[in-house]
Amino acid sequence: MCGIAGFFLRGRLAVLSDVQGMCDAIRHRGPDDEGFHLDGGCALGMRRLSIIDLHSGHQPISNEDQSVWIVFNGEIYNYRDLRRDLLARGHQLATQSDTETIVHLYEDEGPAAVARLRGMFAIALWDARRRRMLLARDRFGKKPLYYAVLPQGLYFASELKCFRGLNIPFEMDTEALKFYFQFGYIPDPWSPFRAIRKLAPGGWLTYDADGNVTQERYWTLPAPASEPPPGATRAGLRDRLREIFDESVRIRMIADVPLGAFLSGGIDSSSIVASMALQSPDPVKTFSIGFDEAEFNELPYARELARQYHTEHHELIVRPDSVNLVSRLVHHFDEPFADTAAIPTFLVSEFAAQHVKVVLTGDGGDELFAGYDSFFDIQRMSAFDRIPQMARRVLSSMADLLPYSTYGKNRLRVMSRPSALERYFEHTYTPFMLRRELLNSDWMLPADAGFLARAFPDCLLPNGADALSQALHFEATAKLTGGMLVKVDRMSMAHSLEVRCPLLDHELAELAASIPAAWNMRNGRGKAMLLDAIGDRLPPALRQRKKMGFGVPLSHWFRGPLRDFLHDHLLGGRFMGRGIASPAFVRHLIQEHESARRDNSDLLWALLMLELWFQNWEPAMSETPAEALHSA
């Protein structure tokens, strides 16, 4: 695990200090080692967090004749099998690291080699013979990879902050920022800046000396199945699910450093810990945090699972310096990011990093096994399909006239949407009514299904797919990559902690996609097949408990320690003068929250994170490319 950065310039020689500066910006991702390789206009750089092959896994790594070089962020869990195959083919490997296997696979198979990898990764590989750079990213996008294709060449990095100080224009992408107000994050492939994009999950890109760019996808998540595979039975799928689940956990326990697990007290993390305990000769190290406020404290459930499996359990009631914490989050995200669960993720990562360098986590279970309550809401809203289109148009006109005071108290706007897909987006993400009140018209996204389909061609299914299938697929391909996994990566790597997600093993995900949603959504609860497969390992009280999000008492903080901080940033002239949000409505949101008439903490947090992002990046955005030119 590490951070990577570099570039391939056309007609210029690479300068070591430039790539060193890029890597210095992400020292937190790899405090153990650094390495660089320069060849003409090519520069590869990395910061290493040593996990496997601690002594000989120094990067960059090359093949035998040094014609292929790589820097790599991530872990390849099937590298031992790949290594044996490469040795049998006559390759000579100088290290025991997973990184070196990629170089030799590329020699034989070219860019198609990435499809052989089972793991999480961001790769930059320099092919000196072809004068070509290859960038590749894992199937779910667990590891980040930004890039910029400019007249002078290609730049890439694990984080946006690496690009500061180079000849890269930081012109704000207002179209990308519009997505933030609906989803709370900027989805792939966009970034906040026009010149910089994110490489697609499950994709690769090549850039050659003539400036030619080629991109392909080597993997996409299969669409959710409406029927089971031919000949499959519930019992057969349950047994296969249990088998692959345990295998996915087992291969992620390979490490040459201390390893543990996050334990929130929910079904997913508890299932991971149970599997680890059953496959480990030593007690599993588990880490849980809680808050003084009972409604945000899951420690009793985590403690019960820890007792059952005799884990080496560590727990902490946190009382953070919330003002200082907010500024630290903004620094590590580099983008506006509104998920309040980033706060406990940051805190539990900080806690765990005091004891281990690697943790396993339960991320992905809700997306792959229909665990969110919103999926049941979508099923219930299917009754709206019976409303004639003419009646819906009348309802839509009525909904547009409703005052903000009715927000959250009626479903007229949702009912009036002309398609099931639009109803899903209106119900699940920031609704139109709220955005209409908050934003100036120039910052509003179109709400029609055609726009959504064009914006997310790889995350929405073709016309004719039912709303539940669309929602399941979108959550697992767009929100998971752009929201959940960004949160986990940035907050853990802020503390030089590697996080592995067994539930997002691609073989397990493909099996999950073959299970009909009806088999997962039973008796008003999701994850039925997952519980059938591994539920016997969990305490009865945990199996039956209602789903609880990983939250923090933010609503209390905005009425207490964060109140003045919030006022200073959202009611001050800088934010009010940006022309994005209605000053009167922002004041109304704050007053409404402080009087406890409505909990507006999520929306206020989103606005606060946006303003702090602006303040953090305005110096870079004010520079012209000529002024930003270092020596690249």
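Take Arg164 and tell me if it is more than 21 Å from Trp443 (Cα to Cα) and not β-branched (Val, Ile, Thr). For Arg164, the condition - more than 21 Å from Trp443 (Cα to Cα) and not β-branched (Val, Ile, Thr) - is met. Put simply, of Arg386, Arg413 the only residue that is touching a Pro at 6+ places or on another chain (Cβ under 7 Å) and modelled with pLDDT under 75 is Arg413.
Touching a residue at least 40 places away in the same chain (Cβ under 8 Å) and either more than 24 Å from Arg29 (Cβ to Cβ) or not assigned by TED's automatic domain parsing to the domain that holds Gln215 (or both): does that describe Glu107? Against the criterion (touching a residue at least 40 places away in the same chain (Cβ under 8 Å) and either more than 24 Å from Arg29 (Cβ to Cβ) or not assigned by TED's automatic domain parsing to the domain that holds Gln215 (or both)), Glu107 qualifies.
Do the conditions hold for Ile102, that is, is it assigned by TED's automatic domain parsing to the domain that holds Val19, assigned to a strand (DSSP E or B) and surrounded by 19 or more Cβ atoms within 10 Å (Cβ to Cβ)?
Numbers: assigned by TED's automatic domain parsing to the domain that holds Val19: yes; assigned to a strand (DSSP E or B): no; surrounded by 19 or more Cβ atoms within 10 Å (Cβ to Cβ): yes.
In short, no.
For Leu44, the conditions (1) within 24 Å of the chain's Cα centre (by Cα); (2) at pLDDT 95 or above; (3) closer than 20 Å to Asp138 by Cα all hold with the exception of (1).
For segment 178-191, residues that are part of a loop (DSSP other than H, G, I, E, B) and either more than 17 Å from Lys161 (Cβ to Cβ) or touching a helix residue (DSSP H, G or I) at 6+ places or on another chain (Cβ under 6 Å) (or both) total 7. Among the residues of segment 462-491, those identified as farther than 19 Å from Thr361 by Cα and of a type in the set (A, V, I, L, M, F, W, C) are Ala465, Ala467, Leu468, Ala471, Leu472, Phe474, Ala478. Counting only helices (runs of 4 or more DSSP H) wholly contained in segment 259-363, the ones carrying 2 or more residues that are over 22 Å from Asp602 (Cβ atoms) and without any contact (Cβ under 8 Å) to a residue 40 or more places away in the chain occupy 267-279, 299-308.
Conditions: (1) surrounded by 15 or more Cβ atoms within 10 Å (Cβ to Cβ); (2) assigned to a helix (DSSP H, G or I). Thr95 meets all but one. Number of the miss? Unmet for Thr95, out of (1) surrounded by 15 or more Cβ atoms within 10 Å (Cβ to Cβ); (2) assigned to a helix (DSSP H, G or I): (2). For segment 474-482, the criterion of being more than 22 Å from Asp246 (Cα to Cα) and assigned to a loop (DSSP other than H, G, I, E, B) is satisfied by no residue at all. Cβ separations smaller than 8 Å between residues 6+ apart or across chains give the following pairs from segment 489-505 residues that are at positive phi to residues that are outside any loop (DSSP other than H, G, I, E, B) and charged (D, E, K, R): Ser496/Arg29. Scanning segment 359-377 for residues that are of a type in the set (A, V, I, L, M, F, W, C) and farther than 13 Å from Leu480 by Cβ, we see that the one that is surrounded by the fewest Cβ atoms within 10 Å (Cβ to Cβ) is Phe376.
If you go through segment 107-160 one residue at a time, how many are assigned to a helix (DSSP H, G or I) and among the basic types (Lys, Arg)? Don't jump to the end; show me each part of the working.
First, the residues of segment 107-160 that are assigned to a helix (DSSP H, G or I): 107-116, 160.
Subsequent filtering for residues that are among the basic types (Lys, Arg) retains 116.
Counting residues in segment 107-160 that are assigned to a helix (DSSP H, G or I) and among the basic types (Lys, Arg) gives 1.
Answer yes or no: is there a residue in segment 110-119 that is more than 21 Å from Leu610 (Cα to Cα), buried (at least 24 other Cβ atoms within 10 Å of the Cβ) and not aromatic (Phe, Trp, Tyr). Scanning segment 110-119, I find at least one residue that is more than 21 Å from Leu610 (Cα to Cα), buried (at least 24 other Cβ atoms within 10 Å of the Cβ) and not aromatic (Phe, Trp, Tyr), so the answer is yes.
What residue, of Ile289, Ile254, is surrounded by 22 or more Cβ atoms within 10 Å (Cβ to Cβ) and among the β-branched types (Val, Ile, Thr)?
Details: Ile254 fails: surrounded by 22 or more Cβ atoms within 10 Å (Cβ to Cβ).
Ile289 is the lone residue from the list that is surrounded by 22 or more Cβ atoms within 10 Å (Cβ to Cβ) and among the β-branched types (Val, Ile, Thr).
For segment 232-249, filtered to residues that are under 13 Å from Trp519 (Cβ atoms) and of a type in the set (A, V, I, L, M), the residue that is surrounded by the fewest Cβ atoms within 10 Å (Cβ to Cβ) is Ala235. Taken over segment 188-199, the residue count meeting the criterion of being buried (at least 20 other Cβ atoms within 10 Å of the Cβ), under 14 Å from the mean Cα position of the chain (by Cα) and farther than 14 Å from Ala157 by Cα is 2.
Being in a helix (DSSP H, G or I), modelled with pLDDT of 90 or more and either of a type in the set (Phe, Trp, Tyr) or not assigned by TED's automatic domain parsing to the domain that holds Ser271 (or both) narrows it down to one residue among Asp564, Asp599; which is it? Break it down stepwise before answering.
Values: Asp599 fails: in a helix (DSSP H, G or I).
None of the other options fit; the residue is Asp564.
With respect to Ser492, is the statement that it is outside the structural domain of Ser158 (by TED's automatic domain parsing) and closer than 30 Å to Leu263 by Cβ true?
Yes; evaluated as a whole, the condition is true for this residue.
Evaluating Ser322 against the criteria (1) buried (at least 19 other Cβ atoms within 10 Å of the Cβ); (2) among the small types (Gly, Ala, Ser); (3) within 27 Å of the chain's Cα centre (by Cα) leaves one unmet condition, (1).
Need the failing condition index for Glu175 against (1) closer than 30 Å to Glu426 by Cα; (2) over 20 Å from the mean Cα position of the chain (by Cα); (3) not in a helix (DSSP H, G or I), just the number. All conditions pass for Glu175, except number (3).
Is there a residue being part of a strand (DSSP E or B), out of contact with any Leu (no Cβ under 6 Å at 6 or more places or on another chain) and in the same structural domain as Thr311 (by TED's automatic domain parsing) anywhere in segment 223-241?
Step one: of segment 223-241, the residues part of a strand (DSSP E or B) are none.
No, there is no match, as no residue in segment 223-241 is part of a strand (DSSP E or B), out of contact with any Leu (no Cβ under 6 Å at 6 or more places or on another chain) and in the same structural domain as Thr311 (by TED's automatic domain parsing).
Considering only residues in segment 1-31 that are among the charged types (D, E, K, R) and touching a residue at least 40 places away in the same chain (Cβ under 8 Å), the one that is nearest to Gly165 (Cα to Cα) turns out to be Asp18. Among what's in segment 346-374 and is polar (S, T, N, Q) and at pLDDT 95 or above, pick the residue that is farthest from Ser248 (Cα to Cα). The selected residue is Gln354.
The values are calculated or read from the model by the stated rules, or taken from the named source; none is laboratory data. Owing to the predicted nature of the structure, the values given are computational and were not obtained by experimental measurement. Because the Cβ atoms are built from the backbone with ideal geometry, glycine has one as well, and the counts that use them run over all protein chains shown.
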